[in-house]
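Engineer: One structure, as structure tokens, below. Some questions next.
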Amino acid sequence: MIVAERKPLDEIQQSLEGCKSVLVAGCGTCVTVCMAGGEKEVGVLASMLRMRAKMDGTELDIREATVQRQCDREYVEQLAELGEECDAILSMGCGVGVNYATEVLKTVRVIPALNTRFYGANVDEGVWSERCGGCGECIVASTEGICPIARCSKSILNGPCGGSQDGTCEVDPEIACVWQLIYDRMDSLGRLDKLEEILAPKDWSKGRDGGPGTTSREDAAAIDRGEASE
Amino acid sequence: MMSDEREAIDTSETAPAGFEPVIVAFCCQYCAYAAADLAGSMRLQYSPNVRVVRLLCTGKTDPIFFLKAFEGGADGVFVAGCMEGNCHFVEGNLRAKQRVQHAKGLLDEVGIGGGRLEMYNMSAGEGAKFAAAADEMTERIRSLGPSPLRPEPGDAEAALQAALDGVEVAQA
Ligand code: SF4
């Protein structure tokens, strides 16, 4: 899932400067699961903002709504009516939600309440950890399912580097050296010989290159109803 | 979660004469609620400032309960659950402890001050402990002054209603 964290209240309050009414909009998918921007977090942030406004003696009318996803048009459109009555929508979706609500709702300002952090897994109760770098061309078949792009501090493809010590990364002893994990995994599978294969430099053109990524499925494309009715 | 703190507004100097804090207490029915009852039947004197919300277990609490109570005009809030290790639902009181700690951070961030929220543990037989918690919290809030959310002394019934609204929000 996409993992995010709420921005500090001061920063949120600052970005709402000049607004007299705001719709705090939650998203019912990833950010609900990582407890950053679901219905509960909307309630908490709305309450905090109301209290701040009261303490500061400013006028701020706060509405609350949570939709299933902020990255699908039919759900984002559900925010239109409430949002258009407000000076701004404070989105508790990830960055995708903020961008897409801006695009779909057009006339109303959309302001982010979260910092989108990474693609991660729920590794323990209340703990989320990065597991994928979204690099566009997955290479973990060569590293037995463990991603060095996301999990190695230097994203190196042929590790470990010289800083790996007792299984931890030189960047921070709290971080497991992912190349140690890869080594151990390959060892346990009896595939250590695979480590001798040198991975070629990665083709980054599949990732952060050439502008925004786009992908499509022709079997899910909109049907040209004009033609069909002829 | 990213959080920052705003220095809580000091209202202790500007508290109106005769300021009586409004305290909302979220009490587990198996221990603190029964302890409060016992305190009553034992004719123990304790602060009349405390309004009790009975819960099945303090594990039911959620940060929004506390925030709503403060929004509604409470000057202080406390949660009272069973002794650690004695929760009827195994670890509800430990969950409550974590949530109180988390909500203290939220109150610090807003500028109300996390010190206005506290967690107590007691058993059903400890009427005196409930009375002591109620008195201690009332004294603490008296010295902190009224909640910075409003200048007038709190309306106990409004704060209680807001606390109940918070419970409803969390259950929705
Ligand atoms: S110590 Fe391991 S995880 Fe850290 S940078 Fe080097 S190879 Fe990567």
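The values are calculated or read from the model by the stated rules, or taken from the named source; none is laboratory data. Predicted model only: the values in this text are computed from it and were never measured. Cβ: placed from backbone, ideal geometry, glycine included. Neighbour counts: every protein chain shown. Calculation scope for accessible area: heavy atoms of the full protein, side chains included, ligands and nucleic acids excluded. Shrake-Rupley method; radii C 1.70, N 1.55, O 1.52, S 1.80 Å.
Engineer: Determine whether A:Ala113 is touching a residue at least 60 places away in the same chain (Cβ under 8 Å), aliphatic (A, V, I, L, M) and within 14 Å of another protein chain (Cβ to nearest Cβ).
Structural biologist: For A:Ala113, the condition - touching a residue at least 60 places away in the same chain (Cβ under 8 Å), aliphatic (A, V, I, L, M) and within 14 Å of another protein chain (Cβ to nearest Cβ) - is met.
Engineer: Exactly one condition in (1) open to solvent by 60 Å² or more (accessible area, probe 1.4 Å); (2) assigned to a loop (DSSP other than H, G, I, E, B); (3) in contact (Cβ under 8 Å) with a residue 24 or more places away in the chain; (4) closer than 17 Å to B:Phe130 by Cα is not met by B:Arg6; state its number.
Structural biologist: Among (1) open to solvent by 60 Å² or more (accessible area, probe 1.4 Å); (2) assigned to a loop (DSSP other than H, G, I, E, B); (3) in contact (Cβ under 8 Å) with a residue 24 or more places away in the chain; (4) closer than 17 Å to B:Phe130 by Cα, the lone unmet condition for B:Arg6 is (4).
Engineer: Taking the stated definitions as given, is B:Phe78 closer than 21 Å to B:Ser12 by Cβ, more than 11 Å from every other protein chain (Cβ to nearest Cβ), surrounded by 20 or more Cβ atoms within 10 Å (Cβ to Cβ) and not charged (D, E, K, R)?
Structural biologist: In short, yes.
Engineer: Can I ask one more? Scan the range A:184-193 for residues that are surrounded by 12 or more Cβ atoms within 10 Å (Cβ to Cβ) and in contact (Cβ under 8 Å) with a residue 24 or more places away in the chain and jot them down.
Structural biologist: Matches in the range A:184-193: A:Arg185, A:Met186.
Engineer: Would you mind listing the helices (runs of 4 or more DSSP H) fully within the range A:1-67 where at least 2 residues are within 8 Å of chain B (Cβ to nearest Cβ)?
Structural biologist: Because the criterion is at least 2 residues that are within 8 Å of chain B (Cβ to nearest Cβ), the helices (runs of 4 or more DSSP H) in the range A:1-67 that meet it are A:9-15, A:39-56.
Yes/no matrix, rows are residues, columns are (1) within 14 Å of another protein chain (Cβ to nearest Cβ); (2) over 30 Å from A:Thr32 (Cβ atoms); (3) assigned to a loop (DSSP other than H, G, I, E, B):
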{"residue": "B:Ala17", "(1), (2), (3)": "no, yes, yes"}
{"residue": "B:Glu20", "(1), (2), (3)": "no, yes, yes"}
{"residue": "B:Val24", "(1), (2), (3)": "no, no, no"}
{"residue": "B:Tyr33", "(1), (2), (3)": "no, yes, no"}
{"residue": "B:Val52", "(1), (2), (3)": "no, yes, no"}
{"residue": "B:Phe70", "(1), (2), (3)": "yes, no, no"}
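Engineer: Looking at the range A:85-101, which of its residues are buried (at least 18 other Cβ atoms within 10 Å of the Cβ) and within 17 Å of A:Arg73 (Cβ to Cβ)?
Structural biologist: Once the filter is applied, which keeps residues that are buried (at least 18 other Cβ atoms within 10 Å of the Cβ) and within 17 Å of A:Arg73 (Cβ to Cβ), the range A:85-101 yields A:Ile89, A:Ser91, A:Gly93, A:Cys94, A:Gly97, A:Val98, A:Tyr100, A:Ala101.
Engineer: Answer with yes or no whether B:Tyr46 is open to solvent by 10 Å² or more (accessible area, probe 1.4 Å), touching a residue at least 24 places away in the same chain (Cβ under 8 Å), away from chain A (no Cβ under 14 Å) and under 11 Å from the mean Cα position of the chain (by Cα).
Structural biologist: Taking the combined requirement at face value, the residue does not satisfy it.
Engineer: Of all residues in the range A:153-184, which are near the ligand (Cβ under 6 Å from one of its atoms) and assigned to a loop (DSSP other than H, G, I, E, B)?
Structural biologist: A:Ser153, A:Lys154, A:Ile156, A:Gly159, A:Pro160, A:Cys161, A:Gly163, A:Ser164, A:Glu170, A:Val171, A:Cys177
Engineer: Looking only at residues in the range A:123-152 that are among the hydrophobic types (A, V, I, L, M, F, W, C) and touching a residue at least 24 places away in the same chain (Cβ under 8 Å), which one is nearest to the ligand (Cβ to nearest atom)?
Structural biologist: Across the range A:123-152, the extreme among qualifying residues is A:Cys152.
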